[in-house]
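**Student:** I'd like to ask you about the structure that follows.
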Amino acid sequence: MAYDYDLFVIGAGSGGVRAARRAAEAGARVAVAEGDRVGGTCVIRGCIPKKLLVFASQFREAFEDSVSYGWALDEPVFDWPTLIANKDKEIARLEGVYRANLAKAGAELIESRARIAGPRRIDIERTGTLVSAERILVATGGRPNPHAALEGHEHCIVSNDVFDLKRLPEKIIIGGGGYIAVEFAGIFAGLGVDTTIVYRGRELLSRFDMDLRRLLSAEMENRGISVLCCEIFSRIEKLPSGRLRAHLMNGEVSEADQVLLAVGRVPNVEGFGLEQAKVALTKTGAIRVDDFSKTSADHIWAIGDVTDRVQLTPVAIHEAECFVATEFRNQPTRPDYQKVATAVFSQPEIGTVGMTEDAAREKFRNLDIYKTAFRPLRGTLTGRSDRMLMKLVVDADSDRVLGAHVLGPGAAEMAQLLAIPLKMNARKADFDAAMAVHPTAAEELVTFAAPTERVRDGETVVPEKVDRLAIFASSVPG
Ligand SMILES: Cc1cc2nc3c(=O)[nH]c(=O)nc-3n(C[C@H](O)[C@H](O)[C@H](O)COP(=O)(O)OP(=O)(O)OC[C@H]3O[C@@H](n4cnc5c(N)ncnc54)[C@H](O)[C@@H]3O)c2cc1C
């Protein structure tokens, strides 16, 4: 039977656009349906606008620091509407680039929500047209969890709303302790907003290395952000003035202009025929897929955040590439989730790749931990007490570097480059053999002389010369 398309992609976000383009380039007849703006979360309401806001929020410190470097400035003035208007212009430009790339590859863009209407049949909701496709790829992403169980959640905003706020709040309370919560905390605090984080866990950022988590909390507090861990909202009340009052489980209350809920994301699986198509979901409500991104239904695949494997743009893109290689280039390829480098654009920033120390301790009996915390050179003239952290987790038996963790300026850029030696299974000796680039912060990563901590047969041994507390109290590297 002849189908209208070889591939129909639902969702033109990071994963969907890449799959549509690559399949079309491989000669397939491809359509991609998008019910909102082309580019998806990353381009429209995620990575890109977020990073632009991070840049904006970093100027305050730069202005303040410049004085110690001899500059004299009038009091700088910040204008939120200008930032948002300029951000909007850039996002519109990027959306245009995504559209042009789809057209160039020969993939047809259908600007409508799409619904799976039967085996290999798709309903284009805007026109009511039914089309057929040999394969369907679901790349519908996710959305912020609205925390519907919280009384008064309807008064709160979620990450999507931040990018279109008409006014910058004077005070904000952020619920959550994941990367989105800490990134927005840094943005708002940097822009001069009185910022509080309320998080139910003991430490921010679960799944990251504990040293990064602890130092990040301390540094955020150092920048004036209140970090309230082991706390939960009991309800959010809207006051006649329009302000919000957040009630905490411990009985305390706090008022703010906005409450931002950043308490996780929900996969977009409802309302487009997945159930009727017998696409099975996981316990967390994401689409269940096999190693090749195939769902439980014949002829339907799924990639990206809707499958909740690793919720990152480069991972969605990688899954798209693997799907196209498998289905359209006859090269069966499983996505590789080993040593995915990642960053948190908190302030200070985090860059990390490979195993945390805790994860390594569960798997390896003998480890060498190399760790240093110091005041970066740039801060010496300004008197800032910010510390930077570098850490390597090494398998003492094989000398392989299992994990590399950085907190401080440039950490994300370092993580990208650290991903290369770690993917190549580099040994600590390979790091030692690399010449340092001086003066940089990153040179610490290739000049670690002795471990700060050893694990032997699962037991921690702190070398006598190293005072563990001093590691975090040290200033400029000697
Ligand atoms: C605030 C924030 C910051 C982030 N920062 C980073 C970062 O710094 N680095 C990073 O790597 N990742 C970041 N992410 C995560 C990243 O954005 C996602 O992992 C990525 O966008 C997932 O791509 P996707 O293709 O799975 O889905 P999406 O990009 O979400 O695209 C899904 C698309 O499907 C469309 N859609 C849904 N249902 C239908 C339907 N029935 N019919 C038609 N269209 C439909 C949606 O409108 C959407 O456009 C961030 C996310 C957020 C929210």
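The values are calculated or read from the model by the stated rules, or taken from the named source; none is laboratory data. Predicted, not measured: the structure shown is a model, and the values here were computed from it. All Cβ positions, even for glycine, are placed from backbone atoms using ideal geometry, and neighbour counts span all protein chains on display. Surface areas here come from the heavy atoms of the whole protein model, side chains and all, with no ligands, DNA or RNA. Shrake-Rupley method; radii C 1.70, N 1.55, O 1.52, S 1.80 Å.
**Student:** Considering each residue of the stretch 137-192, count those that are at positive phi, more than 16 Å from the ligand (Cβ to nearest atom) and open to solvent by 10 Å² or more (accessible area, probe 1.4 Å), and give that number.
**Tutor:** Taking the stretch 137-192 and keeping what is at positive phi, we get 141, 147, 152, 176, 192.
Checking which are more than 16 Å from the ligand (Cβ to nearest atom) leaves us with 152, 192.
Filter once more, so that each one left must be open to solvent by 10 Å² or more (accessible area, probe 1.4 Å): 192.
The total comes to 1.
**Student:** For residue 108, which of the numbered conditions (1) within 14 Å of the ligand (Cβ to nearest atom); (2) open to solvent by less than 40 Å² (accessible area, probe 1.4 Å); (3) of a type outside the set (Phe, Trp, Tyr) fails to hold?
**Tutor:** (2)
**Student:** Please verify whether the stretch 314-334 includes one or more residues that are of a type outside the set (Lys, Arg) and in contact with an Asp or Glu (Cβ under 6 Å, 6 or more places away or on another chain).
**Tutor:** Of the residues in the stretch 314-334, the ones of a type outside the set (Lys, Arg) are 314-328, 330-333.
Adding the requirement that they be in contact with an Asp or Glu (Cβ under 6 Å, 6 or more places away or on another chain) leaves none.
There is no residue in the stretch 314-334 that is of a type outside the set (Lys, Arg) and in contact with an Asp or Glu (Cβ under 6 Å, 6 or more places away or on another chain).
**Student:** Being open to solvent by 40 Å² or more (accessible area, probe 1.4 Å) and among the aliphatic types (A, V, I, L, M) is the filter; apply it to the stretch 63-88 and report the residue that is farthest from the ligand (Cβ to nearest atom).
**Tutor:** Taking the stretch 63-88 as the starting set, the residues that turn out to be open to solvent by 40 Å² or more (accessible area, probe 1.4 Å) are 63-64, 67-79, 81-82, 85-86, 88.
Now restrict to residues that are among the aliphatic types (A, V, I, L, M): 67, 72-73, 77, 85.
Details: 67: 31, 72: 35, 73: 30, 77: 27, 85: 20 Å.
Ranking the qualifying residues of the stretch 63-88, first place goes to 72.
**Student:** Shifting gears a bit: Return yes when residue 336 is acidic (Asp, Glu) and touching a helix residue (DSSP H, G or I) at 6+ places or on another chain (Cβ under 9 Å) and no when it is not. Outline the logic, then answer.
**Tutor:** Numbers: acidic (Asp, Glu): yes; touching a helix residue (DSSP H, G or I) at 6+ places or on another chain (Cβ under 9 Å): yes.
It is true that residue 336 is acidic (Asp, Glu) and touching a helix residue (DSSP H, G or I) at 6+ places or on another chain (Cβ under 9 Å).
**Student:** Which residues, taken from the stretch 66-88, are assigned to a helix (DSSP H, G or I) and more than 28 Å from the chain's Cα centre (by Cα)?
**Tutor:** Taking the stretch 66-88 first, the residues assigned to a helix (DSSP H, G or I) are 66-69, 80-88.
Those that are assigned to a helix (DSSP H, G or I) and more than 28 Å from the chain's Cα centre (by Cα): 66, 67, 68, 69.
**Student:** What's the number of the only condition in (1) touching a Ser or Thr at 6+ places or on another chain (Cβ under 7 Å); (2) within 22 Å of residue 180 (Cβ to Cβ) that residue 346 fails to meet?
**Tutor:** Failed condition: (1).
**Student:** Name the single residue, out of those in the stretch 19-43 being open to solvent by 20 Å² or more (accessible area, probe 1.4 Å) and within 8 Å of the ligand (Cβ to nearest atom), that is nearest to residue 138 (Cα to Cα).
**Tutor:** Initially, the stretch 19-43 is screened for residues open to solvent by 20 Å² or more (accessible area, probe 1.4 Å), giving 21-22, 25-27, 29, 34-37, 41.
Going one step further and asking which of them are within 8 Å of the ligand (Cβ to nearest atom), we end up with 34-37, 41.
Details: 34: 11, 35: 13, 36: 15, 37: 16, 41: 15 Å.
The selected residue is 34.
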